[in-house]
Structure formats: C-alpha cells, structure tokens
Amino acid sequence: MNNWFHHVSHALSEAFGSSWAFFAAAIFIVIWAVTGPMFGFSDAWQLIANTVTNVVTFLMVFIIQNSQSRDTKATQLKLDELLRAVTNARSSLINLESLSDEEMNRLQQQFEQLRERAAQAD
C-alpha cells in the first residue's frame with residue numbers, strides 16, 4: 001500500500017505540477033465562466049466549480065505533503081552523509097531533525113556564539 005501510494009503520489013504531483021495541468025485548469029475556468037449566462041448563474045452552476053475545486057484541493061494536500069516529506073527526508077539524508085564524510089564536522093549533528101526543540105535551541109545558541117566569535121575575529 002505504501003509503495004503504491006508513493007508511485008501514485010509521485011505521478012500525480014508530476015502531472016498536476018505541469019504546464020498542461022495549469023492549461024487544463026484555465027480552460028475549465030473559461031468554460032465554466034462562459035457557461036454562466038447559459039445557466040443563469042444558478043446555484044448548481046456555482047456548485048460545480050466549488051465542488052471540483054474543493055475535491056482537487058483536498059486531494060492535493062496529501063499529494064503535496066507526501067512529496068514535501070520525501071524531498072525533506074532525501075535532503076536530510078544527503079546532509080547527514082556530508083556530515084559523516086567531512087572529517088572536522090560534528091557527527092552529533094547527523095539526524096538533527098529528531099532532536100527536541102530545547103536541544104535545537106541550545107544548538108542554535110552555540111552557532112550564534114560561533115558566529116559572534118567569527119565576527120569579532122574579523
């Protein structure tokens with residue numbers, strides 16, 4: 001199931017992120033707007049656009065979140081590998097995203113102190 005969702009999510013994010021998808025959405029809006037006078041701008045006419053928009057938005061939230069999570073995880077793994085490969089880097093920074101907020105705040109303060117020392121040295 002997880003692998004299937006990944007493949008479907010990836011394919012949909014590629015498709016919906018394309019210029020063709022934008023063009024199709026623009027055509028839908030034009031057709032919807034042009035047909036307004038034919039239907040007397042009725043509630044049913046408005047409901048069609050609202051329903052399509054809501055359904056697409058609802059599904060896209062999950063597709064975008066999946067894509068974002070995978071990209072973030074891949075970036076973090078690449079950064080972890082770089083930290084592991086650089087001899088003078090602190091290997092304790094590997095998998096940093098799993099630290100608590102307090103631990104991250106302490107680490108941020110350490111980096112701010114390093115930055116201040118570097119500014120004073122210059």
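Scan the range 50-70 for residues that are surrounded by fewer than 11 Cβ atoms within 10 Å (Cβ to Cβ) and either in contact with a helix residue (DSSP H, G or I) (Cβ under 8 Å, 6 or more places away or on another chain) or of a type in the set (Val, Ile, Thr) (or both) and report the count.
Number satisfying all stated conditions: 4.
Kindly indicate whether any position in the range 58-68 is within 30 Å of ILE94 (Cβ to Cβ) and without any contact (Cβ under 8 Å) to a residue 40 or more places away in the chain.
yes
Does LYS73 satisfy being surrounded by 11 or more Cβ atoms within 10 Å (Cβ to Cβ), among the basic types (Lys, Arg) and in a helix (DSSP H, G or I)?
yes
Based on this model, can you work out whether GLN120 counts as without any contact (Cβ under 8 Å) to a residue 24 or more places away in the chain, closer than 30 Å to SER9 by Cα and in a helix (DSSP H, G or I)?
So GLN120 does not fit the description; no.
Can you give me the number of residues within the range 16-30 that are modelled with pLDDT of 90 or more and surrounded by 11 or more Cβ atoms within 10 Å (Cβ to Cβ)? Outline the logic, then answer.
Of all residues in the range 16-30, those modelled with pLDDT of 90 or more come to 18-30.
Then keep just the ones that are surrounded by 11 or more Cβ atoms within 10 Å (Cβ to Cβ); that gives 18, 21-22, 24-25, 28-29.
Residues in the range 16-30 being modelled with pLDDT of 90 or more and surrounded by 11 or more Cβ atoms within 10 Å (Cβ to Cβ): 7 in total.
Can you go through GLU97, GLU112 and tell me which one is part of a helix (DSSP H, G or I) and modelled with pLDDT under 90?
GLU97
For THR87, all conditions in the list (1) outside any loop (DSSP other than H, G, I, E, B); (2) without any contact (Cβ under 8 Å) to a residue 12 or more places away in the chain hold save one; what is the number of the exception?
(1)
The values are calculated or read from the model by the stated rules, or taken from the named source; none is laboratory data. Please read these numbers as outputs of a predicted model, since none were measured by experiment. Positions of Cβ are backbone-derived with ideal geometry, glycine not excepted, and every protein chain shown enters the neighbour counts.
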